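Structure, as structure tokens:
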Amino acid sequence: LNSFGLSAASTAIGNSSRLIGNLLPKASLQGFTQRKYALPDKTVASQVLMYRQLLHTKCRSGLRLSRAYQATEAQKSVMHMPWWEQGIEESGKMVISYDNLIVRLWMNGAIMPFADLTSGDVDTMIDEKGLPPIPHEYWVKRLGFQTPDPVTDFRSGGVLSLAMMVHMVESSMTTVQRFQKCGDAEVLPFGITCINVTDMMAKFLMLAKSVDKMDALLSQKPFWRMFADPNAILASQEIAMNMLCDVVVEMNHERCNILKTQGETQEPVTVFDFAEILKKTEERVQYDLLGAGPKTVDEMKSIANRLKLKYKTALEAREAAALNPQNFGEKTMTGAKDAVTGAKSVAVNVFEKIKPSFAVRKN
């Protein structure tokens, strides 16, 4: 009797288990064990650790970090990155020097873009030690720092934020010019904005000190594969800076054109709107750009171009609605009616196809 009871209980449990298993789709069961996105591979992990080290290295005069150059494939792939001193192959060393970076920033950001090259005489103001003048007003007026001594502004982003700024003035001057006089984002200081964008990217890449490095390396992100290319972080900085400038343009257009037609009076965008500008930029970069899961730098650039067109189209639609709200409302209602009519037509066609199978036979 006891063995029969145990057998019956086992059968009941087995039937219940199969029933529960049938109720749960296989896809949902696999979801418990499968990753949504890939983890960083060895190459990506190496890049992320390098970025973390640069972010957490404090900027200070005389800082010099060095490692031997052994011409490995990994070293060759990153030797063009902006934080290294030039002449790696000749010296046999890969050197990160604060003094080298600050000189390059001064020359390419505060002197050469404003110099009269036709005169043949450019005053660089470099001293006998080969260093730029600190403090100096150009750090504020031409490069957009908060004080005449730039080192204090690098506290949050360390050497990484300095290197990103050097990259911008050396390789993306078209973007930098948007922050200069007569540029469409001239209301914002270039230096502080660039540092904030680097901080933003550091947050998305989990580089901050508050995030354990193992947590970062075990995180699942849709864009990790792209960061196997060292150029990804440089391209991300450039694209994010341009997206931020586009937000400034959109907000100005909305305030000076769209809201004005609605009888609202608002001042043009100023530096005091920076928090709102940065928030909108963060959302676009995190969800629309990186969230799209680009696998290569070229794919990310293509996504950025499509997003630019998308935002422009949305702005034009808002402007059209503001200029002629009645006509826009009528178009919207017409579009909705057409959609409903189309849906009804599809439903009728589907019903006509399946109706014979529901026909009642007469006895």
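Observations on the model:
- For the residues LYS344, LYS310, the requirement of being assigned to a helix (DSSP H, G or I), open to solvent by 80 Å² or more (accessible area, probe 1.4 Å), out of contact with any Gly (no Cβ under 9 Å at 6 or more places or on another chain) and at pLDDT 95 or above singles out LYS310.
- Of the helices (runs of 4 or more DSSP H) lying entirely inside the stretch 177-277, those containing at least 2 residues that are modelled with pLDDT of 90 or more and either open to solvent by 10 Å² or more (accessible area, probe 1.4 Å) or aliphatic (A, V, I, L, M) (or both) are 190-204, 231-253.
- Residue, farthest from VAL211 (Cα to Cα), within the stretch 43-62, restricted to residues that are out of contact with any Gly (no Cβ under 9 Å at 6 or more places or on another chain), of a type in the set (A, V, I, L, M, F, W, C) and crowded, with 16+ Cβ neighbours inside 10 Å: VAL44
- Taking helices (runs of 4 or more DSSP H) as the structural unit, those lying wholly within the stretch 33-96 and holding at least 2 residues that are acidic (Asp, Glu) and at negative phi correspond to 88-91.
- Once the stretch 95-125 is narrowed to residues that are open to solvent by 70 Å² or more (accessible area, probe 1.4 Å) and among the charged types (D, E, K, R), the residue that is nearest to LEU162 (Cα to Cα) is ASP123.
- Considering residues of the stretch 63-81 that are under 11 Å from VAL95 (Cα atoms) and either among the aromatic types (Phe, Trp, Tyr) or without any contact (Cβ under 8 Å) to a residue 60 or more places away in the chain (or both) only, the residue most open to solvent (accessible area, probe 1.4 Å): ARG64
The values are calculated or read from the model by the stated rules, or taken from the named source; none is laboratory data. Quantities reported herein were computed from a predicted structural model and do not represent experimental measurements. All Cβ positions, even for glycine, are placed from backbone atoms using ideal geometry, and neighbour counts span all protein chains on display. Just the protein is used for accessible areas: all its heavy atoms, side chains included, with ligands, DNA and RNA removed. Shrake-Rupley method; radii C 1.70, N 1.55, O 1.52, S 1.80 Å.
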